[in-house]
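Below is one structure; the comments refer to it alone.
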Amino acid sequence: MSKKLTFSLIACLLIVGIYSQAYAALVQWEKSLGGNGHYYEYVRTGNSNDRKTWNAAKEAAEARSTDVLWAHLATIKKVEENDFVFALRASGNDPKGAWLGGFQELDGNITAYSPSSSWEWVDDGDGDGEDDSFGYTNWKSGEPNDGGGGENNQENFLVYDYYGKWNDVPDGPRWYIVEYEAYPTPIPASAWLLGSGILGIIGYRRKLKSNV
């Protein structure tokens, strides 16, 4: 095998490997299993300094979007989705939970709001035809409570508690879960690159034979 052919093979394998590793953490809730076809990713590194506040996590999640793929903090619309998504967090064994895409929209005098009012999802009004309201909830017993009423309504963000229950908490550094609304483009792109490499190899071999 020529050096040129060997290099082409190695390059193709490296490209595919890079894309596969980059998106290895994505898990799809398949439609065939009653899901919505979306992908989810529990973002957690080995460095605790990488944890983010809710707003920073929101920005980081949206930064993972591509031209054809919208990424955002995970939004939970029914019990089956909650069970599926929480399994990602649970597998990471994170005792502090993880951020979700729920927040309490407070305008004006925040003391005028009750702990359970004005909750929204980050994808509210995105026009995808789904019910983006807080119709389904899975609050932990006694939540939301703004810390028992002693925190001046400062528990305005949604986080996973134990056993898939929800809790309202103040802002602070945590890991987070990202939801992808469409099939990740790097996967078909890597397949295209691999296919192009194979076709190139076939063409190169044919050229060699024709010159014999």
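The values are calculated or read from the model by the stated rules, or taken from the named source; none is laboratory data. Treat the numbers as computed from the prediction; the structure is a model and nothing was measured. Cβ atoms come from the backbone with ideal geometry, glycine included; neighbour counts cover every protein chain shown.
General remarks:
- Hits in segment 24-61 - residues which are surrounded by 12 or more Cβ atoms within 10 Å (Cβ to Cβ) and among the basic types (Lys, Arg): 44, 51, 52, 58
- Test for residue 121: is it modelled with pLDDT of 85 or more, buried (at least 20 other Cβ atoms within 10 Å of the Cβ), in the same structural domain as residue 53 (by TED's automatic domain parsing) and within 14 Å of residue 158 (Cβ to Cβ): yes
- Residues that are assigned to a loop (DSSP other than H, G, I, E, B) and under 13 Å from residue 98 (Cβ atoms), drawn from segment 29-44: 44
- In the set (1) surrounded by fewer than 19 Cβ atoms within 10 Å (Cβ to Cβ); (2) at pLDDT 80 or above; (3) among the aromatic types (Phe, Trp, Tyr), residue 157 fails one condition alone, (1).
- The residue that is surrounded by the most Cβ atoms within 10 Å (Cβ to Cβ), counting only those in segment 62-76 that are among the hydrophobic types (A, V, I, L, M, F, W, C) and part of a loop (DSSP other than H, G, I, E, B), is 74.
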